[in-house]
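Input: a single structure, listed below in structure tokens.
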Amino acid sequence: MPKTATRQKTDIETNKSSANGTGKTASKAKSENGVTDKVNRREAQAENVSRKKLQKDLIKQTKPELLREMLYQMVLGRYFEQKCAEVYRIGKIGGFCHLYIGQEAVGIGTMMALREDDLVITAYRDHVQAMVKGISPEEVMAELYGRVGGIVGGKGGSMHMFDAARGFYGGHGIVGGQIGVGTGIAYAQKYKGTDGVTLCFFGEAAVNQGMFHESLNMAQLWKLPVIYICENNQYGMGTSQKRAMSISSVAKKADAYGIANEFVDGMDVLAVREATQRAIERARKESLPTLLEIRCYRFMGHSMSDPGKYRTSDEIKKYQERDPIVLFRSSLTDAKIISDKDYAEIEERAKGAVEKALKFADESPLPDEKELFTDVYA
Ligand SMILES: Cc1ncc(C[n+]2csc(CCOP(=O)(O)OP(=O)(O)O)c2C)c(N)n1
Ligand SMILES: [Mg+2]
């Protein structure tokens, strides 16, 4: 794999990105459920304002401590990933590394609606989900560094965070593979008579795989407590969804299997949490599956080796106008849930946690050579 790091950068404070792509304006597309694909910064800002109005009501219904914790988790995820990009570029992290910057509202909004004993499975863009499920930033960073202190002893790396004890079933590199495993986990929850639910994350490109369709069919046939979360960031590597999918609505595909579904704005952490709560209720009380299509956008390249030539800087800027962290912070400030000083403290806490993780990873030893022959099953 080429070692050239992605040229796209984003900054949480300045909300700016470096240009990638041709500089041409992307073609205009129809709006769907209030989320437009038009490259128009003014419209994007207007969408932000309307989102804030919606967030206002949800803020009133949510405990302030939870709201602050959600913001902290988003900021932690952002700083953690920014630091990953930095240390990747100096060779501290090797191999594949897919960052979550821009998509934080999806992982945090969905997972912060879960109970501790609920289970989670995802694809390779897994660092933030792993941390929200309780794996420490130290264990995630040391795993990225390939050190013994990593959550799987340094043997998995970026794509294979895993901790069954905390209900985190990976970290999977085969596109769509985890959808079948997630369906099986939900089957086991039901078989054992628990009222736990499974959150199964995947990207929109995985929807074109047979595994998605076979799993949805079984989940509805067997009435499984699984919540399929399609993180629709609109690209599968360098291929836009528009070039790869015959019917662009992922949510509607669930209709073919009789599964409840919703389209959600993935820049709005509270809308994400609310939709997930409905799905959790359905799974826990009625043992029924749901598909949530959560529309989001990754601000960085597909992975650290992506030169990002397939999208325009205009398109990236449009989504950065709707940065989920900036939006949520601003809503919480308006609602007087946080002050500027509180936000500064949240940032300091997050930066401190990331620094601690880096130090831990740096000091953790490399695995012993003998480890090459342990955990080998075939
Ligand atoms: C079965 C399989 N085919 C192809 C690949 C190569 N591949 C890695 S990531 C990726 C794109 C997946 O995009 P998406 O599911 O939308 O997730 P995102 O990266 O956008 O989060 C592809 C094709 C793979 N890992 N597995
Ligand atoms: Mg995608």
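The values are calculated or read from the model by the stated rules, or taken from the named source; none is laboratory data. Values in this document were obtained by computation on a predicted structure and should not be read as measured data. Neighbour counts run over all protein chains shown; Cβ positions are idealised from the backbone, glycine included.
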ask   = Does MET304 qualify as being within 15 Å of ligand 1 (Cβ to nearest atom), surrounded by fewer than 19 Cβ atoms within 10 Å (Cβ to Cβ), among the hydrophobic types (A, V, I, L, M, F, W, C) and in contact (Cβ under 8 Å) with a residue 12 or more places away in the chain?
value = no
ask   = Does at least one position in the range 259-282 carry a residue that is surrounded by fewer than 21 Cβ atoms within 10 Å (Cβ to Cβ) and of a type in the set (Ser, Thr, Tyr)?
value = no
note = Conditions (1) β-branched (Val, Ile, Thr); (2) within 16 Å of ligand 1 (Cβ to nearest atom); (3) touching a strand residue (DSSP E or B) at 6+ places or on another chain (Cβ under 9 Å) -> THR239 fails only (3)
message = Restricting to the range 308-343, name every residue that is over 21 Å from the mean Cα position of the chain (by Cα) and part of a loop (DSSP other than H, G, I, E, B).
response = LYS309, TYR310, THR312, ALA335, LYS336, ILE337, ILE338, SER339
inquiry  = One residue is enough: does the range 162-175 have a residue meeting the conditions of a type in the set (Gly, Ala, Ser), out of contact with any strand residue (DSSP E or B) (no Cβ under 6 Å at 6 or more places or on another chain) and free of Cβ contacts under 8 Å to residues at least 40 places away in the same chain?
reply    = yes
query = For ALA251, are the conditions met, namely being within 21 Å of GLY176 (Cβ to Cβ), within 12 Å of ligand 1 (Cβ to nearest atom) and aliphatic (A, V, I, L, M)?
reply = no
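Yes/no per residue for (1) under 30 Å from VAL354 (Cα atoms); (2) in a loop (DSSP other than H, G, I, E, B); (3) more than 15 Å from the chain's Cα centre (by Cα); (4) hydroxyl-bearing (Ser, Thr, Tyr):
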| residue | (1), (2), (3), (4) |
| --- | --- |
| ILE151 | yes, yes, yes, no |
| SER158 | yes, yes, no, yes |
| LYS190 | no, no, yes, no |
| PHE212 | no, no, yes, no |
| GLN220 | no, no, yes, no |
key: So MET141, is it buried (at least 20 other Cβ atoms within 10 Å of the Cβ), within 16 Å of ligand 2 (Cβ to nearest atom) and more than 27 Å from ALA271 (Cβ to Cβ)   = no
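Here's the yes/no breakdown for (1) among the basic types (Lys, Arg); (2) at pLDDT 95 or above; (3) under 21 Å from the mean Cα position of the chain (by Cα):
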position: VAL226; (1), (2), (3): no, yes, yes
position: ASN232; (1), (2), (3): no, yes, yes
position: GLY236; (1), (2), (3): no, yes, yes
position: SER248; (1), (2), (3): no, no, yes
position: TYR257; (1), (2), (3): no, yes, no
position: PHE263; (1), (2), (3): no, yes, yes
position: ARG273; (1), (2), (3): yes, yes, yes
position: GLU286; (1), (2), (3): no, yes, no
position: CYS296; (1), (2), (3): no, yes, yes
ask   = Which number in (1) touching a residue at least 60 places away in the same chain (Cβ under 8 Å); (2) in contact with a Leu (Cβ under 8 Å, 6 or more places away or on another chain) marks the one condition that TYR235 misses?
value = (2)
ask   = Quick one: is TYR100 under 23 Å from ASN232 (Cα atoms) and among the hydroxyl-bearing types (Ser, Thr, Tyr)?
value = yes
ask   = Which members of the range 83-117 meet the condition of being at positive phi and crowded, with 17+ Cβ neighbours inside 10 Å?
value = GLY102
query = Can GLY193 be described as closer than 28 Å to GLU262 by Cα, surrounded by fewer than 24 Cβ atoms within 10 Å (Cβ to Cβ) and within 15 Å of ligand 2 (Cβ to nearest atom)?
reply = no
